[in-house]
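Note sheet for the following structure.
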Amino acid sequence: MTQDEQKRRAAIAALDYIEDGITLGVGTGSTVDFFIDALPRLAHRLAAVVSSSERSTAKLESLGIEVKSFAEIDRIDLYVDGADEATKHLHLLKGGGGALTREKVLAGAARRFVCIVDASKVVGTLGRFPLPIEVVPMARSFVARQMIKAGGEPVWRKDFVTDNGNIILDVHNLKIANPLELETRFNQIPGIVTVGIFAHRGADVLVIGEKDGVRTLGR
Ligand code: 5RP
């Protein structure tokens, strides 16, 4: 069973969380793409759909699903998104696709956050995957120096601009032993828009596609 098949398994299992009349938030990435592909047959049950990226919006619209602006929405009932890493505590590391800011907004607004991953994403400690940080462009060098002070090795994701017009620093070799503390600490650094640690608002449910089936972890 390939990694893509595990991703598809998790994505299909997440369809079970869709209830009639809900407002659905849709994340970004290759795992979410499998979720979006399966969504048209359930779209009639949804009151509204919002998206965390221009990329997911384009894919949803190409399948005939109308996407509302989040500014017009007062609540999200269910948010479904992937992750680059996840722990059994349902803390996440996200932003490999660069959509972390809008993802954090939708996750924060959601009544329930279902995270879909393949088995390779489940880790004991976050930080093997470089931590994405969205940064205001003029603060790039300043924030990079702060990351070096914190023990990381920041790498500017060249030729990439976020949907919000910002840049991404991918910070290598950080040991994220205490995700709650590090998320809070990095959030205080001026110039950082969003840290890719999702610990204060982690997932409510983690759906893991494995080679023998689907495993679910919840709060
Ligand atoms: C995008 C993300 C994605 O959820 C994360 O990168 C996982 O992507 P994939 O499903 O392609 O492995 O945070 O910003």
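The values are calculated or read from the model by the stated rules, or taken from the named source; none is laboratory data. Here the structure is a predicted model, which is why all the values come from computation and not from measurement. With ideal geometry, Cβ positions are generated from the backbone for all residues, glycine too; neighbour counts draw on all protein chains shown. Please note that ligands, DNA and RNA were not included when accessible areas were found on the heavy atoms of the full protein model with its side chains. Shrake-Rupley method; radii C 1.70, N 1.55, O 1.52, S 1.80 Å.
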- Exactly one condition in (1) open to solvent by 10 Å² or more (accessible area, probe 1.4 Å); (2) more than 14 Å from the ligand (Cβ to nearest atom) is not met by Gly97; state its number. (2)
- Message: For the condition among the basic types (Lys, Arg), surrounded by fewer than 18 Cβ atoms within 10 Å (Cβ to Cβ) and more than 10 Å from the ligand (Cβ to nearest atom), what is the one hit in Arg8, Arg111?
- Response: Arg111
- Which one of these is modelled with pLDDT of 95 or more and in a strand (DSSP E or B): Thr23, Thr28, Thr57? Thr23
- Residues being closer than 14 Å to Ala86 by Cα and surrounded by fewer than 20 Cβ atoms within 10 Å (Cβ to Cβ) - total across the stretch 176-198: 3
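Conditions tested, residue by residue: (1) in a helix (DSSP H, G or I); (2) outside the structural domain of Ser53 (by TED's automatic domain parsing).
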| position | (1), (2) |
| --- | --- |
| Ile116 | no, no |
| Ala139 | yes, yes |
| Val143 | yes, yes |
| Gln146 | yes, yes |
| Val155 | no, yes |
| Asp159 | no, yes |
| Thr162 | no, yes |
| Leu169 | no, yes |
| Leu174 | no, yes |
- Within the stretch 76-92, work out how many residues are of a type in the set (A, V, I, L, M, F, W, C), part of a loop (DSSP other than H, G, I, E, B) and within 14 Å of the ligand (Cβ to nearest atom). 1
- Message: Any residue that is open to solvent by less than 20 Å² (accessible area, probe 1.4 Å), among the hydroxyl-bearing types (Ser, Thr, Tyr), more than 16 Å from Val114 (Cα to Cα) and within 14 Å of the ligand (Cβ to nearest atom) - is there at least one of those in the stretch 54-62?
- Response: yes
- Within the stretch 199-217, which residues are part of a strand (DSSP E or B) and either touching a Gly at 6+ places or on another chain (Cβ under 9 Å) or without any contact (Cβ under 8 Å) to a residue 40 or more places away in the chain (or both)? Val205, Leu206, Arg215
- Task: Provide a single number: the residues in the stretch 163-175 that are open to solvent by 40 Å² or more (accessible area, probe 1.4 Å) and either under 17 Å from the mean Cα position of the chain (by Cα) or at pLDDT below 95 (or both).
- Result: 3
- Residues of the stretch 19-53 satisfying the condition of being among the small types (Gly, Ala, Ser) and either touching a strand residue (DSSP E or B) at 6+ places or on another chain (Cβ under 9 Å) or open to solvent by less than 30 Å² (accessible area, probe 1.4 Å) (or both): Gly21, Gly25, Gly27, Gly29, Ala38, Ala43, Ala47, Ala48, Ser51, Ser52, Ser53
